[in-house]
1. Take the conditions assigned to a loop (DSSP other than H, G, I, E, B), small (Gly, Ala, Ser) and either closer than 22 Å to Leu267 by Cβ or in contact with a His (Cβ under 8 Å, 6 or more places away or on another chain) (or both) and apply them to Ala161. Does it pass?
2. Just for segment 63-93: of the residues that are in contact (Cβ under 8 Å) with a residue 40 or more places away in the chain and part of a helix (DSSP H, G or I), which one is nearest to Pro42 (Cα to Cα)?
3. Every residue in segment 270-311 that is among the aliphatic types (A, V, I, L, M), modelled with pLDDT of 85 or more and closer than 25 Å to Pro172 by Cβ, please.
4. Could you please let me know if Gly224 is farther than 23 Å from Ala106 by Cβ, at pLDDT below 95 and assigned to a helix (DSSP H, G or I)?
5. Could you please find all residues in segment 215-232 being touching a residue at least 60 places away in the same chain (Cβ under 8 Å) and of a type outside the set (Asp, Glu)?
6. Could you check segment 132-158 and list, in sequence order, the residues that are assigned to a loop (DSSP other than H, G, I, E, B), touching a residue at least 40 places away in the same chain (Cβ under 8 Å) and touching a helix residue (DSSP H, G or I) at 6+ places or on another chain (Cβ under 9 Å)?
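The values are calculated or read from the model by the stated rules, or taken from the named source; none is laboratory data. Remember, predicted model here, so these are calculated numbers, not experimental data. A quick note on method: Cβ atoms are made from the backbone with ideal geometry, for glycine too, and the neighbour counts reach across all protein chains shown.
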Amino acid sequence: MDDNPDNPDGRAPSDGPAPSDGLDQRAELSEFLRTRRARLQPEDVGIASMGRHRRVPGLRREELAQLAGVSVAYYTRLEQGNGRNVSAEVLDAIARALRLSETEHAHLTHLAKPKQQRKRHRAPRRQQARVALQQLVDSMEGVPAYIGGPRSDILAWNRMAAALFGDWGAMPAGERNWARLTFLNPDYRELFRDWEQKASDMVSYLRLYAGQHPDDPELSALVGELSVKSEEFRKLWATHDVKEKGHGVKRMRHPLVGELTLAYETLHLPDDDGQFLSVYHAEPGSPSAEALRLLASWGADAIRAGSEAPR
């Protein structure tokens, strides 16, 4: 029997949590599985398509259940958020059938919480960077570097990071958060030439953290605030995509030095409760390397210009 694509679980549709709501673990599991199933086409897994008579986007539940080697009733209960007794072996089979990435597989495990899973992660309290970490980023002259927290808070940074991204020290502490800056501060929309990718990566990282810490009240408040204030955040949050912080390239347009293409590396700090170090650097001898050198030589003037000039 076909699923109803508009309301597969008999629940009222929603674009995201209300500002005061926590993150409902059952709803998170249900929506994650539904969105992963919807992105797979029958031909992707060797199933003959029903053509234009097919009413549901992606795979049907019974097709996914057959691929995973479980009963339709069992999979339906799981997709409705009932993962209390699911085993790791079944989750592995479903992950293979859905062609989940390693990060998505881990996220599914956190949401379903099988018997083999470790005890629930403790949500980090409001954090500060250790003095030694601040000294470390200060010593990294010539490259922008900062310490981030698990909810995308900006905890510590060096002079070059302030020259590149703006004077974070002049902001209230609550605004020093990458998610808020990305979606609520128009300067950052101008700073990042690939803003849409930056925004998608930001939400995918928060989704991953939410799967590990669904009861974190500060995360719930952040998600609620952004869901109310930003339609773009609300739509991205509803996709249920997850992504780990890693490495890549960012293209930026700085008010003083113009276009930059910078590679970044994210190094997780295992002894610091979800904190990470991010460092940006340019290819040696490139125009972007010269632009960073100019920012370093301008010092405080570059920091002031970065926070005051329109981007």
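1. no
2. The first filter runs over segment 63-93 and keeps only residues in contact (Cβ under 8 Å) with a residue 40 or more places away in the chain, leaving 78-83.
Filter once more, so that each one left must be part of a helix (DSSP H, G or I): 78-79.
On the way: Leu78: 21, Glu79: 19 Å.
Step by step, filter segment 63-93, then rank; the result is Glu79.
3. Leu277, Leu295, listed by residue number.
4. yes
5. Pro217, Leu219, Ser220, Ala221, Leu222, Val223, Gly224, Ser227, Val228
6. Selection gives Met140, Glu141, Gly142, Val143, Pro144, Pro150, Arg151, Ser152.
Condition check ((1) more than 18 Å from Leu208 (Cβ to Cβ); (2) modelled with pLDDT under 90) across all residues:
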{"site": "Leu108", "(1), (2)": "no, no"}
{"site": "Pro124", "(1), (2)": "no, yes"}
{"site": "Leu133", "(1), (2)": "yes, no"}
{"site": "Leu136", "(1), (2)": "yes, no"}
{"site": "Ile147", "(1), (2)": "yes, no"}
{"site": "Ala161", "(1), (2)": "yes, no"}
